[in-house]
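Scroll down for the structure; my scribbles are underneath it.
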């Protein structure tokens, strides 16, 4: 099973996410994510053996308890890229309000799952929603201009849970399904 821990955007934000992606429609080289599957990845776990699933679920349950984060408001706004505007691999929508809570959840999850043997992150955590991946630099200038000029706000919602999500890779892109949800207390 290919798994990650996430905060999912509500279904009603899909149209707004798609509207932001539409601003980049003329940028060649971008491969857009499905706006109906928009989420913030708190921790990518990768391939997990079915037998390890109970331990992973317990680790996420512990992490939620130890993070000290109750339900919170999150605002999805602003644009950015990884690693930088000179060399773009990922175009993303940021998190304004709620980014500290997501970072606390990420750090608690990171501590718990690395104890199980999962690799620690090799970069700083930036809460974000991936909008597109850049496969070639044909539309780089348009992406750079839009990232610097646009400041979209998709919306604000209450985050009351994190999810353990399975990603199944298909020819049409990844398909996500929730394995288990963990309520914030």
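The numbers here are math on the coordinates, done by the rules we state, and not lab data. Source: prediction; values computed, not measured. Counting neighbours? That spans all protein chains shown, and the Cβs are built from the backbone with ideal geometry, glycine included.
Given R0 = 41 Å, the distance between the Cβ atoms of residue 11 and residue 115 translates into a calculated FRET efficiency of 0.75. Residue separation of residue 84 and residue 181 scaled by 0.36 nm, minus their Cα-Cα distance, works out to 31.6 nm of gained length. Modelled this way, with points 7 Å down the Cα-to-C-beta line, the labels at residue 31 and residue 126 are 2.1 nm from one another.
Given [x] 10.1; [y] 13.1; [z] 16.5, which label gives mean projected area of the Cα convex hull in nm² as computed from the coordinates? Structure-derived value, by its label: [x]. Does a label point 7 Å from the Cα of residue 136, set along Cα-to-beta-carbon, have any residues of the stretch 9-31 with amide nitrogen under 13 Å, and which are they? Inside the label zone: 28-31.
The angle separating the long axis of helix 140-149 from the principal Cα axis of greatest extent in the chain is about 80 degrees.
Between residue 2 and residue 104, the FRET efficiency from the beta-carbon distance, with R0 = 22 Å, is close to 0.30. Extension gain, residue 49 to residue 19, is 7.0 nm, computed as 0.36 nm per intervening residue step minus the present C-alpha separation.
The spacing between the stretch 3-80 and the stretch 104-141, judged by their C-alpha centroids, is 10 Å.
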